[in-house]
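Below is one structure, written out as structure tokens, with a few remarks after it.
The values are calculated or read from the model by the stated rules, or taken from the named source; none is laboratory data. Just so we're clear, the structure is a prediction, and the values are computed from it rather than from any experiment. Here the Cβ is made from the backbone with ideal geometry for all residues, glycine too, and neighbour counts use every protein chain on show.
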Amino acid sequence: MQALDFEYMLGLVPVILGYVPLTLGMAAAGMVCALVLAALLAVERVIRVPVLDWLVVLFISFFRGTPLLVQLFLFYYGLPQVVSFLTRIDGVTAAILGLTLHFAAYMAESIRAAIIGVDRSQWEAAQSIGMTQWQLMLRIILPQAARVAAPTLVNYFIDMLKGTSLAFTLGVTEMMGAAQKEAAGSFRYFEAFLVVAVIYWVMVEALSQGQKWLETYLNKAFVR
Amino acid sequence: MISITGLTKTFGETPVLDQIDLDIAEGERVVIIGPSGTGKSTLLRCLNFLDRPDAGKITIGDLTVDAARARKAEILGLRRRTGFVFQNYALFANKTAQENIMEALVTVQRLPKAEAAARAQAVLAETGLADKANSYPAALSGGQQQRVGIGRAMALNAELMLFDEPTSALDPEWVGEVLDLMRRVAEQKQTMLIVTHEMQFAREIADRILFMHSGKIVEQGTPAEIFDAPQDPRLQRFLARVSG
Ligand SMILES: Nc1ncnc2c1ncn2[C@@H]1O[C@H](COP(=O)(O)OP(=O)(O)OP(=O)(O)O)[C@@H](O)[C@H]1O
Ligand SMILES: [Mg+2]
């Protein structure tokens, strides 16, 4: 057995850290898009627009029912063979798109549950003062649902952050890709991937701390 | 002037409102009494389209709506002409007392924020809650929450205020302050349609009392006529029961 080459690992840290902005950027972009899409899907599931509801159910079922890696391959390598203009999409965009669709399906379900959790009488009160469906959703229901769903949504963000490593399989040089390239030169695969793992771990731990803080903050909200 | 003709509502197979006809004059205070499950709440909710009536015509001020084919804009029109006070207050939990009252002024009536805030503060002062403007509902007592609920409806300057058992969910200690506020609303010549089980209050505040039974208005008259000389045997039985 070979000893760990700590010096090599320390030297690698700044190199891999250089790719953290890309990882965080993909996760953040994916999260913003997924949140918007998930909110729309969730609202539709609650209001149940005819026909559209059926499509939304199908969408959610598919993206929850198949692995993210399979989805990414299907849409990045598979679909462009059928739909030609898709060939122009680069790996980063494709990864963000894949993460968005996949996690929106999951987040829609938790947002939907949170929406249903808001006391029905508040819907009626909002209707009774003449608010439109949109107004009551945006101003009364979603702000309350967001507070209930927030901790779960942070969990999905953590999953998404880790999921960005799959962009590697779409030819994107992110943290994993960079480690792979470095290790290919030095043959120190274990050290290289260990550095990647530790950096992910630290980021996720930081997010978990943020999540605890968020929960405390949210529990105090609306009471004064 | 409020005019309701032929208002009908069926839940599944059960007729809950059966051809209700009712005219209410401006400034009139009408109280509805009757046993549980006779459609009192449904009548109020149909006027506001919280429940959609199957048939009938509703006129409030300059707006007449044919319930069977009411369009979205007409429904919003009716809601903008009525204020609804709920049994369980139904305050917006994510808004302070003042924001609860401002909400309709800002989003529906599209008043500038400062103007809406000023009006909300004036209403809060009337409800005796000026010092609770920045409190969230969770931090208010039941009585205070219901006073905000009434304030939210008052702020609309609605042609008709609907009250569905506004004190039924309250601990007895808070009932008095809510009834007091309703008396003050009545003094302002506000047209009111009130469902209540508070018979003493009904006698004192009502210009006219309606007795509902099985989806129909069975008897109506002044408080003296209804309480002191009831005609219909169902009303007589009901009064004997509620007066214990
Ligand atoms: N959403 C609904 N679906 C089915 N039936 C309903 C619904 N709402 C009310 N009902 C029925 O309609 C009837 C009238 O109900 P409503 O709430 O109007 O009575 P009420 O006179 O207000 O009674 P209470 O004094 O108990 O409040 C009842 O039999 C009730 O079960
Ligand atoms: Mg009722």
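Say whether the condition of being out of contact with any Pro (no Cβ under 6 Å at 6 or more places or on another chain), part of a strand (DSSP E or B) and away from ligand 2 (no atom under 16 Å from the Cβ) is met by at least one residue in the range B:65-75.
Yes: one or more hits.
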Review point. In the range B:208-224, is there at least one residue being away from ligand 1 (no atom under 16 Å from the Cβ), surrounded by 21 or more Cβ atoms within 10 Å (Cβ to Cβ) and under 30 Å from B:T59 (Cα atoms)?
Key: no
**Study point:** Candidate set: the range B:164-179, residues that are under 22 Å from B:I209 (Cβ atoms), touching a residue at least 40 places away in the same chain (Cβ under 8 Å) and away from chain A (no Cβ under 12 Å); chosen: the one nearest to ligand 2 (Cβ to nearest atom)
**Key:** B:E165
Exercise for review: Name the residue, out of B:T82, B:T59, B:T64, that is in contact with a strand residue (DSSP E or B) (Cβ under 8 Å, 6 or more places away or on another chain), away from ligand 1 (no atom under 14 Å from the Cβ), within 11 Å of chain A (Cβ to nearest Cβ) and of a type in the set (V, I, T).
Suggested key: B:T82
Practice item. Among the numbered conditions (1) crowded, with 18+ Cβ neighbours inside 10 Å; (2) away from ligand 2 (no atom under 16 Å from the Cβ), tell me where B:D23 comes up short. Key: (1)
Check your understanding: In this structure, is A:L68 over 30 Å from A:W134 (Cα atoms), in contact (Cβ under 8 Å) with a residue 40 or more places away in the chain, in contact with a His (Cβ under 9 Å, 6 or more places away or on another chain) and surrounded by fewer than 20 Cβ atoms within 10 Å (Cβ to Cβ)?
Key -> yes
Revision key, fill the gap. In the range B:107-119, residues that are more than 9 Å from chain A (Cβ to nearest Cβ) and either surrounded by fewer than 20 Cβ atoms within 10 Å (Cβ to Cβ) or of a type in the set (D, E) (or both) total 9
Exercise for review: For B:Q109, state whether it is under 30 Å from B:T38 (Cβ atoms), polar (S, T, N, Q) and either free of Cβ contacts under 8 Å to residues at least 24 places away in the same chain or away from ligand 2 (no atom under 16 Å from the Cβ) (or both).
Suggested key: no
Review point. Does B:P172 satisfy being over 26 Å from B:R81 (Cα atoms), surrounded by fewer than 21 Cβ atoms within 10 Å (Cβ to Cβ) and over 19 Å from the mean Cα position of the chain (by Cα)?
Key: yes
Exercise for review: State whether the residues of the range B:132-146 include one that is touching a Gly at 6+ places or on another chain (Cβ under 8 Å) and either within 11 Å of chain A (Cβ to nearest Cβ) or modelled with pLDDT of 95 or more (or both).
Suggested key: no
Point to revise | Residue list for the range B:180-207, restricted to those being buried (at least 20 other Cβ atoms within 10 Å of the Cβ), under 22 Å from B:A125 (Cβ atoms) and without any contact (Cβ under 8 Å) to a residue 60 or more places away in the chain | key: B:L181, B:M182, B:V185
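Scanning the range B:36-56 for residues that are hydrophobic (A, V, I, L, M, F, W, C) and assigned to a loop (DSSP other than H, G, I, E, B), which turns out nearest to ligand 2 (Cβ to nearest atom)? So that I can check it myself, show each step before the final result.
Step one: filter the range B:36-56 for residues hydrophobic (A, V, I, L, M, F, W, C), giving B:43-44, B:46-47, B:49-50, B:55.
Going one step further and asking which of them are assigned to a loop (DSSP other than H, G, I, E, B), we end up with B:49-50.
On the way: B:F49: 17, B:L50: 12 Å.
Checking each candidate, the answer is B:L50.
Listed here are the residues, each with its yes/no results for (1) of a type in the set (A, V, I, L, M); (2) surrounded by 21 or more Cβ atoms within 10 Å (Cβ to Cβ).
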site: B:G27; (1), (2): no, no
site: B:V31; (1), (2): yes, yes
site: B:P35; (1), (2): no, no
site: B:L47; (1), (2): yes, yes
site: B:T96; (1), (2): no, yes
site: B:E103; (1), (2): no, yes
site: B:Q121; (1), (2): no, no
Check your understanding: So which residues in the range B:36-48 are of a type in the set (D, E, K, R) and more than 7 Å from ligand 1 (Cβ to nearest atom), if there are any at all?
Key -> B:R45
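Go through the range B:180-198 residue by residue and tally those that are within 16 Å of ligand 2 (Cβ to nearest atom) and either in contact with a Gly (Cβ under 9 Å, 6 or more places away or on another chain) or not polar (S, T, N, Q) (or both). Please lay out each step first, then the result.
Of the range B:180-198, the ones within 16 Å of ligand 2 (Cβ to nearest atom) are B:193-198.
Those left that are additionally either in contact with a Gly (Cβ under 9 Å, 6 or more places away or on another chain) or not polar (S, T, N, Q) (or both): B:193-195, B:197-198.
Matching residues across the range B:180-198 total 5.
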Point to revise | From B:R152, B:R147, residue being more than 16 Å from ligand 1 (Cβ to nearest atom), in contact (Cβ under 8 Å) with a residue 60 or more places away in the chain and not small (G, A, S) | key: B:R152
Check your understanding: Looking at A:I96, is it among the β-branched types (V, I, T), within 14 Å of chain B (Cβ to nearest Cβ) and out of contact with any Leu (no Cβ under 7 Å at 6 or more places or on another chain)?
Key -> no
Practice item. Just name the residue that is nearest to the chain's Cα centre (by Cα) out of those in the range B:1-35 that are at pLDDT 95 or above, near ligand 1 (Cβ under 8 Å from one of its atoms) and not in a strand (DSSP E or B). Key: B:G34
Exercise for review: Filter the range A:13-34 down to the residues that are in contact with a Leu (Cβ under 9 Å, 6 or more places away or on another chain) and crowded, with 21+ Cβ neighbours inside 10 Å, then identify the one that is farthest from A:F59 (Cα to Cα).
Suggested key: A:T23
